[in-house]
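Undergrad: Take this structure first; my questions come after.
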Amino acid sequence: MRERRSTYLLCCGVVLLQGCFWTPRSSLPRSQAAWLDSAPHGRALVPWWECFRDPVLDQLIGQALAGNLELQEAGARLRQAEAEAVRAGAPLFPGVDVVGDLGATRVDESRRRASGLGGLLRWELDLWGRLRAGQRAAVEEVGAAAMDLRAAKVVLCAAVAEVYFSNVEDQMQLELLERQRATNQTLLELTQLRLGQGVASIVDVMQQKEQLTSTLARAPLVEASLESDRKRLLLLLGKNPVERASREGESPGTSTELPELQRSVGREYTAFDLLQRPDLAAMQHRIKAMDQRVAQAIAARLPRVS
């Protein structure tokens with residue numbers, strides 16, 4: 001009896017050791033922070049918007065990165081891929097099923113109880129690498145989801161900066177149109193005075209009125225563009241553009257001047273710089289995942305040993 005028990009414990013120990021040995025640590029899924037901190041080819045992404053030295057733009061991009069709904073969706077897909085990678089690596093370890101039952105019967109006013117408890121240790125020997133290929137494919141899909149999240153951040157920052165600068169441009173145009181309207185109004189009054197003195201003609205007055213009307217007609221278009229930019233910016237920040245923000249700090253920035261570049265952003269780009277694009281890195285991870293899926297499908301045609 002002792003020999004059988006010792007043999008059983010020895011077999012269980014060998015199975016557990018084999019399961020741990022056949023699960024390389026390098027193929028285990030990393031956390032979301034680890035995936036995002038490690039940029040493609042070990043180079044981190046530089047926050048390019050800091051070169052404008054604009055605190056309003058920095059604040060808006062920070063709010064967008066924290067509250068954008070599409071960014072949160074990409075983060076949820078990354079966490080889902082991590083969970084799938086953990087689940088894909090589970091078959092490499094032994095599994096134990098425990099089943100129990102408890103029943104009672106009544107015969108001739110006597111009650112009989114019956115109970116049972118059983119266990120099953122199951123483990124598949126990954127001789128052809130089918131399970132490991134599936135796990136590596138899941139890990140590559142985690143990398144693709146992480147790069148998708150990074151790409152979403154890059155696109156979001158560019159969209160916020162574009163809308164912000166468009167907003168500032170519209171406000172500057174409104175101020176310019178207001179000064180132009182005041183100038184045209186003054187010229188119209190002077191032209192009417194000259195007409196009363198017989199120096200100018202009615203044609204000059206009509207031309208000046210036409211210029212004033214043209215200036216006034218451009219203002220509603222710029223105001224509509226300004227309102228559209230504000231609503232789009234609120235959407236990028238993850239807020240409701242229909243309801244007006246009542247608390248301070250929830251509305252877009254009100255800067256009326258375009259920032260000046262503190263340093264040149266022009267440079268020569270090489271083929272190595274193209275590899276820093278997160279969308280290309282995501283495609284590379286997906287290609288590797290598909291290659292592992294092919295290996296998994298080939299190994300699935302071979303006999304299994306459990």
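Undergrad: Please compute, for the alpha-carbon atoms of region 161-235, the extent along each of the three principal axes and give them in descending order in Å.
TA: Result, largest extent first: 57, 14, 12 Å.
Undergrad: Shifting gears a bit: For the peptides 114-121, 277-284, what is the packing order when you average, over each peptide's residues, the other Cβ atoms within 10 Å and list the highest mean first? Spell out each step's value before the answer.
TA: Working: 114-121: 9.4, 277-284: 17.1.
Highest mean packing first, the order is 277-284, 114-121.
Undergrad: OK, next. Quick one: which residues, 5 or more positions from L125 or on another chain, have an amide H under 5 Å from its amide H? H modelled 1.01 Å from N in the peptide plane, none for Pro or chain starts.
TA: Under 5 Å from the amide H of L125 lie the amide H atoms of V305, S306, each far enough along the sequence or on another chain.
Undergrad: Another question about this same structure. Size of region 85-142 along its principal axes in angstrom, Cα-based, largest extent first?
TA: Per principal axis, max minus min of the Cα coordinates gives 65, 24, 10 Å.
Undergrad: Also, I was wondering about something else. For the pair L121 and S225, how long in nm is the line joining their label points, each one 7 Å along Cα→Cβ?
TA: My value for the distance between the label points is 7.5 nm.
Undergrad: Here is a further query. Calculate the FRET efficiency for L258 and A300 from the Cβ-Cβ distance with a Förster distance of 41 Å, rounded to the nearest 0.05. Don't skip to the end; give the middle numbers.
TA: Details: r = 60 Å, r/R0 = 1.46.
The calculated FRET efficiency here is 0.10.
Undergrad: Can you give the extra length, in nm with one decimal, that the chain gains between R113 and E73 once fully stretched, where that is 0.36 nm per residue apart less the Cα-Cα distance? Could you put the intermediate results ahead of the total?
TA: Numbers: separation 40, 0.36 × 40 = 14.40 nm, distance 5.35 nm.
Residue separation times 0.36 nm, minus the Cα-Cα distance, leaves 9.0 nm.
Read-outs throughout are calculated quantities, based only on the coordinates presented, and are distinct from any laboratory measurement. Predicted model only: the values in this text are computed from it and were never measured. Here the Cβ is made from the backbone with ideal geometry for all residues, glycine too, and neighbour counts use every protein chain on show.
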